[in-house]
Amino acid sequence: MKVAYRRRQYWNEPRLTLWERAYLPEILRGLAITSTVFLRNMGRWMTGRKGALTTYYPEETRADYAPLNRGKHVLTQRPDGKPQCIACNMCATVCPAKVIEIEAGFDPEDVAHPKFPVRFEIDYSRCVFCGLCVEACPEDAIRMAKEVPFLPTADRGNLWLGLDELLTWNPQRDVAKPYPPAPRAPSPGKAP
């Protein structure tokens, strides 16, 4: 014997009004707004006036972008050219899309920060450009430049950026938290 399923009724269940149940007026209002904007922009385009928000990227860039627009990632460098990153994985941990992959290496010669990234990769096919990785970095090692060159592509393999490109695309060395210089080795003729 088959028992019919009866949906549970809740005391605070919303009730649609007659106007909300008649979807047609809201559909017509939405179509009117869309048609108005479309026809206004089409008229401006046909008469040769600017007005539509079309930008022919990458040949043109919009002037009204915010100066702090979040674009392509850049790894800052120490004075010797090595990455400022200490491979703490805070940027990868805070990333909501999980697009950052870091593999840490160990350098016993560097007393201040012995960890460094052997592999640092970002997958731009999933990045949401939120900037949380920049905010989470304790060493000011990762930044986001305004530009995003070569991002539109037909090959998803080109959307993985590695350590070399992150360091050399737009090199930046003006870190807010400077890396301490390496201690000097004692001279062979002098006793410590």
Filter segment 29-63 for residues that are among the aliphatic types (A, V, I, L, M), within 31 Å of the chain's Cα centre (by Cα) and surrounded by 10 or more Cβ atoms within 10 Å (Cβ to Cβ); the one that is modelled with the lowest pLDDT is Ala52
Listed by first then second residue, the pairs whose first member lies in segment 76-87 and is farther than 18 Å from Ala136 by Cα, whose partner is assigned to a loop (DSSP other than H, G, I, E, B) and open to solvent by less than 10 Å² (accessible area, probe 1.4 Å), with beta carbons under 6 Å and at least 6 positions apart or on separate chains, are Arg78/Gln84
Sort out which residues of segment 151-160 are surrounded by 11 or more Cβ atoms within 10 Å (Cβ to Cβ) and farther than 17 Å from Tyr56 by Cα, and write them in order of number. Asn158, Leu159, Trp160
All but one of (1) open to solvent by less than 30 Å² (accessible area, probe 1.4 Å); (2) polar (S, T, N, Q); (3) under 19 Å from the mean Cα position of the chain (by Cα) hold for Thr93; which doesn't? (1)
Under the condition of being in contact with a helix residue (DSSP H, G or I) (Cβ under 8 Å, 6 or more places away or on another chain) and surrounded by fewer than 16 Cβ atoms within 10 Å (Cβ to Cβ), which residue from segment 136-150 is farthest from Leu163 (Cα to Cα)? Pro138
Suppose we keep only residues that are open to solvent by 100 Å² or more (accessible area, probe 1.4 Å) and within 19 Å of the chain's Cα centre (by Cα) within segment 65-87. Which one would you say is nearest to Leu166 (Cα to Cα)? Arg70
Evaluation of Gly105 against (1) free of Cβ contacts under 8 Å to residues at least 60 places away in the same chain; (2) part of a strand (DSSP E or B); (3) within 21 Å of the chain's Cα centre (by Cα) (one fails), failing number: (3)
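The values are calculated or read from the model by the stated rules, or taken from the named source; none is laboratory data. This is a predicted model, so every value here is computed, not measured. Positions of Cβ are backbone-derived with ideal geometry, glycine not excepted, and every protein chain shown enters the neighbour counts. Each accessible area value is taken on the protein alone, full model and side chains, heavy atoms only, with ligands, DNA and RNA left out. Shrake-Rupley method; radii C 1.70, N 1.55, O 1.52, S 1.80 Å.
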